[in-house]
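First comes the structure, then the notes that go with it.
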């Protein structure tokens, strides 16, 4: 039980690190600082989020390719790729922000609702 709670805290801190890196990518004025925020904060935090999420899957016995897990992995990868694209192309407008933030919002929705393949298939 203590391992589960420690992993939850690690995942929470990783998600906050990703959010901080994503915010830095759009709020910093210096292009080098924006790149650092994405490549040294957001991307490693996403990796830590994935690893802690995998540990939670193993501890709870959930299948890796359940709909909500696979969707969250795919959407978080899309969100990070959009973030890297925005930083490399010096895009800081609203559409760039929404393109990188909306997949992450959808990931949170998947984590809360937890849809399964059995619910989707008749």
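The values are calculated or read from the model by the stated rules, or taken from the named source; none is laboratory data. The shown structure was predicted, so the numbers you read here are calculated from the model rather than taken from an experiment. With ideal geometry, Cβ positions are generated from the backbone for all residues, glycine too; neighbour counts draw on all protein chains shown.
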Within 26 Å of residue 96 (Cβ to Cβ) and either in contact (Cβ under 8 Å) with a residue 12 or more places away in the chain or not in a loop (DSSP other than H, G, I, E, B) (or both): is that true of residue 78 in this structure?
yes
Of the listed residues (73, 46, 64, 59), the one being in contact with a helix residue (DSSP H, G or I) (Cβ under 8 Å, 6 or more places away or on another chain) and in a loop (DSSP other than H, G, I, E, B) is 64
What number of residues within segment 1-23 satisfy the criterion of being over 15 Å from the mean Cα position of the chain (by Cα) and in a helix (DSSP H, G or I)?
7
Inside segment 24-36, the number of residues satisfying the requirement of being free of Cβ contacts under 8 Å to residues at least 24 places away in the same chain and either in contact with a helix residue (DSSP H, G or I) (Cβ under 8 Å, 6 or more places away or on another chain) or part of a helix (DSSP H, G or I) (or both) is 6
In segment 1-23, what residues are without any contact (Cβ under 8 Å) to a residue 24 or more places away in the chain and exposed (fewer than 12 other Cβ atoms within 10 Å of the Cβ)?
1, 2, 5, 9
The lone exception for residue 76 - which of (1) modelled with pLDDT of 95 or more; (2) over 17 Å from the mean Cα position of the chain (by Cα); (3) surrounded by 14 or more Cβ atoms within 10 Å (Cβ to Cβ) it fails
(2)
Subset of segment 86-108 [farther than 19 Å from residue 20 by Cβ and loosely packed, with under 14 Cβ neighbours inside 10 Å]:
88, 89, 90, 93, 94, 95
Assess whether residue 87 counts as being under 16 Å from the mean Cα position of the chain (by Cα) and at pLDDT 95 or above.
no
First in segment 97-112 and free of Cβ contacts under 8 Å to residues at least 24 places away in the same chain, second anywhere and not in a helix (DSSP H, G or I), Cβ under 9 Å, 6 or more apart
99/91
